[in-house]
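The values are calculated or read from the model by the stated rules, or taken from the named source; none is laboratory data. This structure is a prediction, so every number in the text was calculated from the model and none was measured. Cβ placement follows ideal geometry from the backbone for every residue including glycine, while neighbour counts extend to all protein chains displayed. Heads up: the accessible areas ignore ligands, DNA and RNA and are worked out on the full protein's heavy atoms, side chains in. Shrake-Rupley method; radii C 1.70, N 1.55, O 1.52, S 1.80 Å.
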Amino acid sequence: MAATAGLTEVVLYDTLVNYLVSMARTVEGAMNRALDAIVSLENPRTSVLPGEVFLLEPRINEMEIVIDEHAIRLLRRGSFSDDEMRLIVAALKITNDLERIGDLAVNLAERVVSLREMPGAQVPEELAPMASAVRAMVSKSLGALIFRNVEMATQVLESDDVVDQYRDRIFEKLLQNMTQKPTLVSPGMQFILATRHLERIADHATNIAEDIIFWVRGLDVRHGRGLAVRHDDTDPADSFPAGNSAITENSHALHSDVTPACETERA
């Protein structure tokens with residue numbers, strides 16, 4: 001009887017993690033579509049991507065509610081270890097950040113729709129590498145969630161400054177161009193908003209990474225306290241799975257049997 005009760009507890013907590021991973025994959029799929037659409041603005045094959053992002057938003061919102069309700073059911077049971085308690089707390093925070101990334105993907109898609117109606121809009125040179133950096137942060141944060149991998153989460157924290165540097169350089173060039181050519185003001189403002197959306201996605205990926213470190217290690221690394229986590233302190237169980245050290249485009253390769261793939265590539 002006790003064994004059955006214990007198994008039930010394990011299943012309940014595994015279900016919470018699987019819910020989180022499923023929501024994260026859906027959010028990642030929406031984000032990847034939005035990123036592909038903004039960096040390949042003139043490619044007619046990406047014209048359908050904003051619509052796909054809009055269709056994914058209701059599913060993301062529903063998944064947030066399902067996860068919150070499941071976490072609350074676990075809290076009502078009143079019987080959990082420290083690790084399980086940290087998981088519940090982290091899950092409630094991670095779902096909020098995932099939902100916000102989904103909203104920002106919608107915002108990016110809206111920028112794409114507006115820019116496609118502006119003839120001659122030129123994508124800033126450094127927007128593509130900035131988008132790649134953001135994509136990698138979200139992918140690694142999801143990898144850290146799947147594998148409870150502190151090192152991957154720490155890498156996400158270290159990448160945030162890179163995204164901020166891209167943002168500053170893009171802003172500077174856009175403002176300079178808008179000052180010199182008034183016709184570039186409208187598309188320039190759309191790209192400034194898009195760059196801001198990318199930066200905010202990176203911020204939410206950072207929040208998720210911090211919550212994963214809290215869940216796995218019980219360490220609060222928010223507000224610059226991440227120095228407490230060092231690569232040489234990483235447990236062997238936190239190391240990268242073989243063949244998964246380079247994760248930049250999509251995290252589906254990390255654990256393909258968790259949820260169906262969310263394809264975003266276009267031939």
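The single condition among (1) surrounded by 14 or more Cβ atoms within 10 Å (Cβ to Cβ); (2) at pLDDT 95 or above; (3) not charged (D, E, K, R) that Ile65 does not meet is (1).
In region 178-193, the residues that are farther than 19 Å from Val39 by Cβ and open to solvent by less than 30 Å² (accessible area, probe 1.4 Å) form Cβ pairs under 9 Å with partners that are in a helix (DSSP H, G or I) and of a type in the set (A, V, I, L, M), at six or more places apart or across chains, as follows: Met178/Leu184; Met178/Val185; Met178/Met189; Met178/Ile192.
From the residues in region 101-122 that are aliphatic (A, V, I, L, M) and modelled with pLDDT under 95, which one is most open to solvent (accessible area, probe 1.4 Å)? Checked region 101-122; the qualifying residue most open to solvent (accessible area, probe 1.4 Å) is Met118. Scanning region 59-80 for residues that are part of a helix (DSSP H, G or I) and closer than 30 Å to Pro119 by Cα turns up nothing.
Annotation note: of Val156, Val89, the sole residue that is aliphatic (A, V, I, L, M), in contact with a helix residue (DSSP H, G or I) (Cβ under 9 Å, 6 or more places away or on another chain) and open to solvent by 10 Å² or more (accessible area, probe 1.4 Å) is Val89.
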